[in-house]
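Here the structure is laid out as structure tokens; the discussion comes afterwards.
The values are calculated or read from the model by the stated rules, or taken from the named source; none is laboratory data. This one's a predicted model, so the numbers in the text were calculated from it and none came from an experiment. Backbone-built Cβ (ideal geometry, glycine too); neighbour counts: all protein chains shown. With ligands, DNA and RNA removed, areas are computed over all heavy atoms of the protein, side chains included. Shrake-Rupley method; radii C 1.70, N 1.55, O 1.52, S 1.80 Å.
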Amino acid sequence: MRRSVAAVWAVLVLLATCWSWSWPATAGAVPPQAPFAAYQYGTDGCLEVGARDGQPKPYAAPAGYDPTAGYPAFGYDPAALGFTATGGTNACRYKFYDKNPRTDPSAVVIATGYCVQYAAGQLSGTGYDPQDAAPVRDAGYVRRILATYWPNSDLPTVPGTNATVINRQRSGAVAMAIHWFTDGIAMPPDYQVPALYDSVKQVVDGALAAGPLDPPADPTPTIDGPGGGDAQTLVGPYTVGANALGPVTVRIDGAGVDAYTDAAGTVPFTSGDALPLGGRLRLRGPAGQVVLHAEGPVQAAIGTYMAGDPAVRVQSMMLATAVPLTGKTERTLTLVPGDPPRLTSQVSTAVLTSGAPVSDSFDVTGLRGPATLTATLYGPLPVPGSGDCGQAGWDGAGLPVEAVYDPVPLTGDGRVTLPDRTTGEPGCYSFGARLQPEATDPVDLPPGDPAETLRVDPRPVPPVLTLTTRASASTLPAGREATDTLTVTGITPGRTVHLEPTLYGPLPPAADGGCAGLDWTAPDLPVTARLAPHDLTADGSVTTEAVRLAAAGCYSFGTVMTHDVLTGGQEPVEHGLGDPEETLLVTPSPSPSPSPSPSPSPSPSPSPSPSPSGTPTPSPSASATARPVPPLPDTGTDETEAVLAGALALLVLGSAALAVTRRK
């Protein structure tokens, strides 16, 4: 019965272990909000840069660095340049699918791309949309890299002849070159493969020599027309989707607003219907804002900026290959009661990081005749404790001025978009503008309006994500148990590190009897135990379950880590295998020394001789010549000693009786 119960428990434990091992590392992932044009899943070539224990870590340039000054030479001094050590990464090229491969097995790869945000994290299965602007630093140089280098050419030059290795190294070199422009991340000055360092520098130097590329064609359906007009009159026309590859679906948000497809306003259009290529709409409605939404097939060119699902904080990317996608866009219009002219605007983003670009768009309505628009960027002001830059004190005199833009001549209603400007010092900024018509009073848009205000945050340096591991002992006798302690630091809030520890061995010891110098990289290493995985969402330590080491030899723990903390973190990397802190020498258990059997003392054999009385000398008693009785086998019973004592007593009594008989 005991054996049956033990067997059942063993099966249950095994099933529990297999069940827990099958849990996916990305359980609880937030599903994307449809519709999205493309889904990111998996990589197509990665290069390790400080991702593994013992590898040199990359460095982050200071916030005010100038990437166009050139890439530092191999062996540079980080301290002299003001660089700071940062977290390692798997620098990768990523795959895009037409559908989410997690939920639809028919999904196919439609494009690849590179990330343009270091340490923003990733989540496979996230939906991405093409956008008409790239809010990243030096996007023009990134577009130059994407158009000129791998996979659109056989550059850069990398070591190796194997096609898989070449793809991995070229993809990683291009990815790290992009991060120099967008994030100021440089390869370690002592990178373990100097030739690959030179490959990254080759890409940066080549892009600087060729110069930046202009943005590609708008990858979303265009909506061309005025920024608004007078209420209760026909406003337009609005040409929708002139750049599309097919019909475009248009949705109109605005209370009491009607739409028409003809110039006279007699052919109504229903919100949510499709317009043919280049179709036109005219609007009529009360004063207020109207939002036009358009969605349809477009061509996303190389260098198109891809924004991730807003419900999931993930890195943004830019396409390395052109692809037709479903794009969507929106346009906000303003209907006003009439004259005088109206000036409204919208900043491109409300919060951004130092070094990122910002712009502003102004909509002019009700303009009758020529005018000039002049815009100014004010700031920086200190950020209030609430973090709301609208409360930064824009009513004061003598506001600092960051930039004054060139005047823009206008001849009627329309939209004016200022050129991108790279932000620098952290703080609060706000746009202001003056519209000066020739025939009427000026229209001022003072700074401080929430739609005009933005906050520039300092550019954070990603922490160094570190996994340190240590076995519970370095030498153990066979039959003892060992554990492994895993410590992770550098986990940023909202991120997860997944650990899968394994105990390998045994391997025969080295010639000196120790475990130093053994090859733990050989294929098909023996595995003693696959240990339970662990997920960490904050810095801390976990200890594996204990494993009993039955056989002598050399063992080593190894832990595979995957994470969404840094770019490329979902590429599994094994840590600790073969390190001295993770290696154990198991020695054979000492054999027990057997207890020696007692040796009887030799007794001289008696010689028969007549006694003086003539009475024969009696023979020695049996007790004097008996040999030691061997012990009984250990049966586990308490009756052994009683049986042995009884047998000896009977033997003594028998010998005494024999002696008495002979005397008679």
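Tabulated results
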{"read-out": "In nm, spacing of pseudo-spin labels at ALA195 and ALA209 (7 Å Cα→C-beta vector)", "value": "2.1"}
{"read-out": "Within-13-Å neighbourhood charge of SER345 [Cβ basis; K, R +1; D, E -1]", "value": "-2"}
{"read-out": "Segments 272-279, 557-564 sorted - mean Cβ within 10 Å per residue, highest first", "value": "557-564, 272-279"}
{"read-out": "FRET efficiency, ALA287 to VAL404 (Cβ-Cβ, R0 35 Å, nearest 0.05)", "value": "0.60"}
{"read-out": "Within the range 429-451: backbone nitrogen closer than 18 Å to the THR233 label point (7 Å, Cα to C-beta)", "value": "437-441"}
{"read-out": "Stretchable slack from ARG368 to ALA473, in nm (0.36 nm times residue separation minus alpha-carbon distance)", "value": "29.3 nm"}
{"read-out": "q = 0.10, 0.22, 0.26 Å⁻¹: log10 I(q)/I(0) that the Debye formula gives for the range 30-120, counting C-alpha atoms only", "value": "-0.42, -1.13, -1.37"}
{"read-out": "Extension gain from THR68 to ALA274, taking 0.36 nm per residue of separation minus the Cα-Cα distance", "value": "69.6 nm"}
{"read-out": "Using a Förster distance of 45 Å, the FRET efficiency for ALA255-SER386 (Cβ separation, nearest 0.05)", "value": "0.90"}
{"read-out": "Counted charge near ALA244, where neighbours are those whose Cβ lies closer than 13 Å (Asp, Glu -1; Lys, Arg +1)", "value": "-2"}
{"read-out": "Electrostatic dipole magnitude of the range 331-440 [Cβ: Lys, Arg +1; Asp, Glu -1; Cα centre; debye, to 20]", "value": "220"}
{"read-out": "Relative packing of 455-463, 529-537, 160-168, 142-150, which averages over residues the other C-beta atoms within 10 Å, highest first", "value": "142-150, 455-463, 529-537, 160-168"}
{"read-out": "Distance (nanometres) between label positions extended 7 Å along Cα→Cβ at ALA107 and ASP524", "value": "3.6"}
{"read-out": "Evaluated over the range 232-383, the Cα radius of gyration and Dmax, each in Å", "value": "18.5, 54"}
{"read-out": "Carbon + sulfur, % of accessible area of the range 100-169 - ligands and nucleic acids excluded, 1.4 Å", "value": "50"}
{"read-out": "Proximal aspartates and glutamates to LYS328, defined as alpha-carbon separation beneath 20 angstrom and excluding residues fewer than eight positions away on the same chain", "value": "ASP98, ASP129, ASP132, ASP218, ASP224, ASP253, ASP273, GLU295, ASP309"}
{"read-out": "Between the range 347-367 and the range 408-474, the alpha-carbon center distance in angstrom", "value": "7"}
{"read-out": "Spin-label pair THR543/ALA350, simplified geometry with 7 Å Cα→Cβ offset, distance in nm", "value": "4.9"}
{"read-out": "Mean Cβ count within 10 Å, highest first, over the residues of peptides 325-334, 542-551, 578-587", "value": "325-334, 578-587, 542-551"}
{"read-out": "Neighbourhood net charge (13 Å Cβ-Cβ; Lys/Arg +1, Asp/Glu -1) for ALA471", "value": "-3"}
{"read-out": "Reachable aspartates and glutamates, given that their alpha-carbon falls under 14 Å from the alpha-carbon of LYS57 and they are not under 8 places away in the same chain", "value": "GLU48, ASP77, ASP190"}
{"read-out": "Amide H contacts of VAL116 (H built 1.01 Å from N, under 5 Å, at least 5 apart or other chain)", "value": "SER316, MET317, MET318"}
{"read-out": "Orientation-averaged projected area, Cα convex hull of the range 75-158 (nm²)", "value": "8.2"}
{"read-out": "Sites ARG313 and ASN152, calculated FRET efficiency, Cβ-Cβ separation with R0 22 Å, nearest 0.05", "value": "0.15"}
